Amino acid sequence: MTPRRILRRLSVAGVALVLLTPMTSAVAQAQTAIAWGSCGADPKLKPFQCATVEVPTEYDKPHGPTTTIALTRLPATDAAHKIGTLFTNPGGPGGSGVDFVQQAGQQIYTPSVRAKFDILGFDPRGVGRSDPATCYPTAADEAKATANVPPFPLTAKEERQFIVDSAKIAVSCRTTSPDRLAHYSTANVARDMDRLRQAVGDEKLSYIGYSYGTYLGATYAKLFPNKVRALVLDGTLSPEWYSGSNGDSNPVGVRLKQGDGAYDTYEQFLAECKKAAANCALNTLGDPKTVVESTMERLKTHPIDVPMPDGSTLKVTYAVAVAITFSNLYDPAGFPALAQMWAELSTMNRTKAAAAKAPTALVEWNRRKEDYSTSVGSVLQPCVEAKQSGRGPLAYPAYADAADKRAPHFGRYRAWIGVQCEFMGIRDSDAFLGPWKNSVKQPVLVFGTRHDPATPYEATRPYADLYPDARMVTVEGYGHTTIGKSTCADAMITDYLTQLKAPADGATCTQDRKPFDPLPTGKKVLTPLPQ
């Protein structure tokens, strides 16, 4: 889960019965007024409008404390024939819907969708500009506390330290933002979204969710089945796997099977590289898999210090290289840069890189200076709602070893996701954790990409089967979600949203280009948030 830019700088049990249905009191049903205004002086934001809305922190206490939700919209280009508002979620958890719409909304939706809908993005509660669940008093404090924490540990010594560091982070989170974390569940985000639906004047919800956004979609469908107009669910996150309602006692990072999906996509990357001949830099050095695997093995004991354009130095360890590779598997348009990175790492000095131009993939990783509003606390939503492991934090090395055997490199990396949750000690009593079968009457549109590193394809059909009438579409290709990859998928989404015309269940789409085809001039790699 994840993992945190949208544009390649973009790019990781029950509840009280009264909460299972929309509130019926007059207070709960009252529409919240939205005072849309300017998004600021930046000329790039001129097409957008911004606002904040107050929602109940606890929906069973409608007159109690409130939470601020930040939102933005891109107005419909044909207001006279507008259908309504298209709500979006870019993934995560922890993804900023405001940033997503402002940075990508004008590019990723077709002119027909743009004409018929206001495109709305909101930062979910606890995220970004919406009363973020921060874990440290300042950005400097967080940077200092997390500076030496690797993406994941490898040796026994590193594992012990990683567990200690995770405990410290969790304690800091529950000390700094206990109230925000205690009401941070996806169910409350779904309730917020329904309040926003009422506020924009839509009788029913039109929604497109990517990755974690499909979990939010499944939660909304369960809580508000009669308020659904259209759901596009792209890159499905299995609700049973995420919540642990399927009885799986593994940690959430293992249950989600991201390691398996990532390893499958990694092998596809290497196979496509080999077929691409001169278009893949690795082929000049030999068999791509042999080159990358031998370099990974060397990095385990001999990290490389790579000079960056800003004068800093990036220490490329095995863990860092695996994490960068995972991020770059999200879109096949990033495969050439990933291959170039591995080609250059394979020929660098064993301990110190020459002061040459750093590979683009490494520069982008090093550039990930995040706004403090996206504190580590914003991505810890599983801690307050998902089932934790059955054996506690000291069992994570064994979980990681087993995952690494099934899915080398990536299984170990993703197995450690959520270890901080073992120390959090905060649960949202309003969370919804199943059962997940819903009663939505309208057809919903579900996309699964054949080789998806973050939401494995094998989850797509079980996810679709949660809905009475889901139309599952397989995208034959690579990467996470359909964003920017398939005009076939874009056309299906357009017809569905604008005309409620859904394809037949079992339909397929192809991607527009092969992974190592030259990227058109000016094209940006667009992906949802890494999980």
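The values are calculated or read from the model by the stated rules, or taken from the named source; none is laboratory data. Keep in mind that this is a model prediction, so the values were computed, not measured. A quick note on method: Cβ atoms are made from the backbone with ideal geometry, for glycine too, and the neighbour counts reach across all protein chains shown.
Observations on the structure shown:
- Residue match in the stretch 109-120 (condition: part of a loop (DSSP other than H, G, I, E, B), buried (at least 21 other Cβ atoms within 10 Å of the Cβ), modelled with pLDDT of 95 or more and hydroxyl-bearing (Ser, Thr, Tyr)): yes
Yes/no matrix, rows are residues, columns are (1) surrounded by fewer than 22 Cβ atoms within 10 Å (Cβ to Cβ); (2) at pLDDT below 95; (3) assigned to a helix (DSSP H, G or I); (4) among the aliphatic types (A, V, I, L, M):
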{"site": "ILE69", "(1), (2), (3), (4)": "no, no, no, yes"}
{"site": "THR77", "(1), (2), (3), (4)": "yes, no, no, no"}
{"site": "GLY92", "(1), (2), (3), (4)": "no, yes, no, no"}
{"site": "VAL101", "(1), (2), (3), (4)": "no, no, yes, yes"}
{"site": "GLN107", "(1), (2), (3), (4)": "yes, no, yes, no"}
{"site": "ARG125", "(1), (2), (3), (4)": "no, no, no, no"}
{"site": "PRO132", "(1), (2), (3), (4)": "no, yes, no, no"}
{"site": "TYR136", "(1), (2), (3), (4)": "no, yes, no, no"}
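- Within the set LYS485, LYS501, the sole residue that is charged (D, E, K, R), buried (at least 24 other Cβ atoms within 10 Å of the Cβ) and at pLDDT 95 or above turns out to be LYS485.
- Here GLU293, GLU267 are screened, and the one residue that is out of contact with any Pro (no Cβ under 7 Å at 6 or more places or on another chain), under 14 Å from LEU345 (Cβ atoms) and surrounded by fewer than 22 Cβ atoms within 10 Å (Cβ to Cβ) is GLU293.
- Selection status of SER389, closer than 22 Å to GLY259 by Cβ and modelled with pLDDT under 90: yes
- Long-range neighbours under 6 Å by Cβ, at least six apart or interchain, first residue under 20 Å from GLY506 (Cα atoms) within the stretch 433-445, second surrounded by fewer than 15 Cβ atoms within 10 Å (Cβ to Cβ) and at pLDDT 95 or above: PRO443/ASP469
- Wholly within the stretch 285-357, helices (runs of 4 or more DSSP H) carrying at least 1 residues that are over 30 Å from PRO456 (Cβ atoms) and modelled with pLDDT under 95: 335-347
- Hey, TYR215 assigned to a helix (DSSP H, G or I) and among the hydroxyl-bearing types (Ser, Thr, Tyr) or not: yes
- If you go through the stretch 395-410 and keep only what is more than 18 Å from the chain's Cα centre (by Cα) and either modelled with pLDDT under 95 or not aliphatic (A, V, I, L, M) (or both), you end up with TYR396, PRO397, TYR399, ASP401, ASP404, LYS405, ARG406, PRO408, HIS409.
- Residue check, PHE87 in a strand (DSSP E or B) and aromatic (Phe, Trp, Tyr): yes
- Condition check for ALA182: within 20 Å of the chain's Cα centre (by Cα), closer than 20 Å to THR66 by Cβ and either modelled with pLDDT of 95 or more or among the hydrophobic types (A, V, I, L, M, F, W, C) (or both): no
- The conditions of being in contact with a strand residue (DSSP E or B) (Cβ under 8 Å, 6 or more places away or on another chain) and among the hydrophobic types (A, V, I, L, M, F, W, C) are not met by VAL127.
- Among residues of the stretch 300-321 that are within 19 Å of GLU158 (Cα to Cα), those with a Cβ under 9 angstrom from a residue that is modelled with pLDDT of 95 or more and aromatic (Phe, Trp, Tyr), sequence gap 6+ or separate chain, pair up as LYS300/TYR318; THR301/TYR318; PRO303/TYR318; ALA319/PHE152; ALA319/TYR413; ALA321/TRP342.
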